[in-house]
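Inspection log for the structure reproduced underneath, given as structure tokens.
The values are calculated or read from the model by the stated rules, or taken from the named source; none is laboratory data. Here the structure is a predicted model, which is why all the values come from computation and not from measurement. A quick note on method: Cβ atoms are made from the backbone with ideal geometry, for glycine too, and the neighbour counts reach across all protein chains shown.
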Amino acid sequence: MNQRLWVKLLGAFTLIIVLGVATTVLLTRQGTATRFSHFMANDQMFQPEHLQTDLVAYYQQNGGWQGIGTIFPQVVRHASSGGMMSGMMGHAMGMYDSQIVLLDENSQAVARIGSRAAGSRAADQQGENTTGLTGHPWPIQVDGRQVGVLLIDGELMTDVDSSGNTLLSGVTRAALIAGLLAGLVAFALAIVLVRQITHPLTELNDASQRIAQGDLTARVPQEGTDELGQLGGAFNRMASALETQETLRRHLMADVAHELRTPLTAIQGTVEALQDGIFPLTPDSLTPIHEETLLLNRLVEDLHALAQAEAGRLSLNLADLDMSELTEKIVTGLLPVAQQTGIHLSWQVTTPPTTLPGDAQRIGQVLTNLLSNALRHTPAGGKIEVTVKHQTGGLLLSVQDSGPGIAAADLPHIFDRFYRGDRSRSRETGGSGLGLTIARQLVEAHGGRIWVESPPPGQEKGSVFHVLLPGSENVRSGREV
């Protein structure tokens, strides 16, 4: 990949350099060659063909050469190739002013211009004899009849210098050498630029190959803030997300295996004891099997609900939900459990009305999970308080306990699946590890938000879980979320 991309980019740069040099040389040669068909007079560079065309037009317009001597300098200037700058270029290239004489059909001079004529003859001496006049003749024809001759006493700009070298060839050679030197510099810069482009891409390709082979720790150096640097940063974030997901997947498999192993081991031990006659086959000896079976069923149901929620296929039966009534129902149902453990459980609704759209069964499951978690971690003599009050955009449900609280290191992971703050992973002290995860998924399915504070503001211990449920405008419609 590296070599192919290197060759392609370097080939493209080389082609651009070659085309640029060739175009420069050709344009320079063409521009220089056009100067070899010019004369110079009165610091004006002109082509005789242009002057011929203007004189033909003058003759046709006036029916002859009357008055040409007076305006002849203006006619020559009109036929020039660029004004004073052209004259300066001509002097720089060794040209000198030519003498231009216009002869009529009788070979008599009717106008003249040029340094060789200055101070020696009048500008419009008609009838002057042409004896002694020399130069290049340029006939002037009107309707197929020659009506005059343009006699130019001077030399065309030549492409041969005093040493016999061809000027055009010299200019072409100089342009070619300059172009080649510029091309070499550009080629060297192209090599550096191509390497700067291909090196990050090569590292990105190598890292992607490592990830494809299962090495999720592969990363690329992030250099600069340009598009390549941003691409490297995006790749590293993607690789980190893949590594995190793979870690979570492995942990999930281990956690599920652990959660299934415990009840299955209990069931297996009880069954083997019954088979060996250690325990008599009575209804009481079957009770542990029944309890472990219920636990397995609950674990499977939790995993199923969690999978549906994370896949976005959780069914919601939305209706007008009175949070005051639902809270009273759930809390009342758990009062016997709280009383057995010596925990004071209370609830308070501060700002009626408390109706909002929601699924009563799912919201009830959230509140049950939060209360079960609070009951599990609150010692005897403690208290749990449930409050419902209005908040901007919806209702705020809070469950506060007086337990030992949650360690700061555990707070970021408290809603992760199978996570327990109790490292012993005891089901009596840590639950299945799915309750809070399912609660978060159910709340988010309603468009709400759940979070925890430990300890609560103004207290030294305990925890408080908050659930913010939005109003009707923020709840997603439909039966599946």
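Descriptive notes on the structure:
- Failed item in (1) in contact with a Ser or Thr (Cβ under 7 Å, 6 or more places away or on another chain); (2) modelled with pLDDT of 90 or more, with Gly435 passing the rest: (2)
- Test: residue in the range 201-213 that is over 30 Å from Glu301 (Cα atoms), part of a loop (DSSP other than H, G, I, E, B) and of a type outside the set (A, V, I, L, M): yes
- So Ile177, is it touching a helix residue (DSSP H, G or I) at 6+ places or on another chain (Cβ under 8 Å), assigned to a helix (DSSP H, G or I) and either exposed (fewer than 15 other Cβ atoms within 10 Å of the Cβ) or of a type in the set (S, T, N, Q) (or both): no
- Which numbered condition Thr327 fails, given (1) outside the structural domain of Thr387 (by TED's automatic domain parsing); (2) among the β-branched types (Val, Ile, Thr); (3) under 30 Å from Asp401 (Cβ atoms): (1)
- Thr350 vs. criteria hydroxyl-bearing (Ser, Thr, Tyr), closer than 21 Å to Arg440 by Cβ and not assigned by TED's automatic domain parsing to the domain that holds Gly269: no
- Restricting the range 221-245 to residues that are of a type in the set (A, V, I, L, M, F, W, C) and more than 18 Å from the chain's Cα centre (by Cα) leaves a set whose member that is surrounded by the most Cβ atoms within 10 Å (Cβ to Cβ) is Ala239.
- Considering (1) closer than 30 Å to Arg440 by Cα; (2) surrounded by 15 or more Cβ atoms within 10 Å (Cβ to Cβ), the lone condition that Glu203 does not fulfil carries the number (1).
- Test: Lys383 is among the basic types (Lys, Arg), within 12 Å of Leu468 (Cβ to Cβ) and either modelled with pLDDT of 90 or more or touching a strand residue (DSSP E or B) at 6+ places or on another chain (Cβ under 8 Å) (or both): no
- Selection count where residues are surrounded by 13 or more Cβ atoms within 10 Å (Cβ to Cβ) and not in a strand (DSSP E or B), scope the range 336-350: 4
- Flag for Leu367 being surrounded by 19 or more Cβ atoms within 10 Å (Cβ to Cβ), touching a Gly at 6+ places or on another chain (Cβ under 6 Å) and closer than 15 Å to Leu469 by Cβ: no
- Any chance Ala218 is in contact with a helix residue (DSSP H, G or I) (Cβ under 6 Å, 6 or more places away or on another chain), farther than 30 Å from Asp416 by Cα and modelled with pLDDT of 80 or more: no
- Checking Thr327 against (1) farther than 30 Å from Lys389 by Cα; (2) within 57 Å of the chain's Cα centre (by Cα), the condition it does not meet: (1)
- When each of Thr332, Thr392 is tested for being without any contact (Cβ under 8 Å) to a residue 12 or more places away in the chain, assigned by TED's automatic domain parsing to the domain that holds Ser463 and within 45 Å of the chain's Cα centre (by Cα), the lone residue that passes is Thr392.
- Just one residue in the set Asp401, Asp320 is among the charged types (D, E, K, R) and exposed (fewer than 13 other Cβ atoms within 10 Å of the Cβ); that residue is Asp320.
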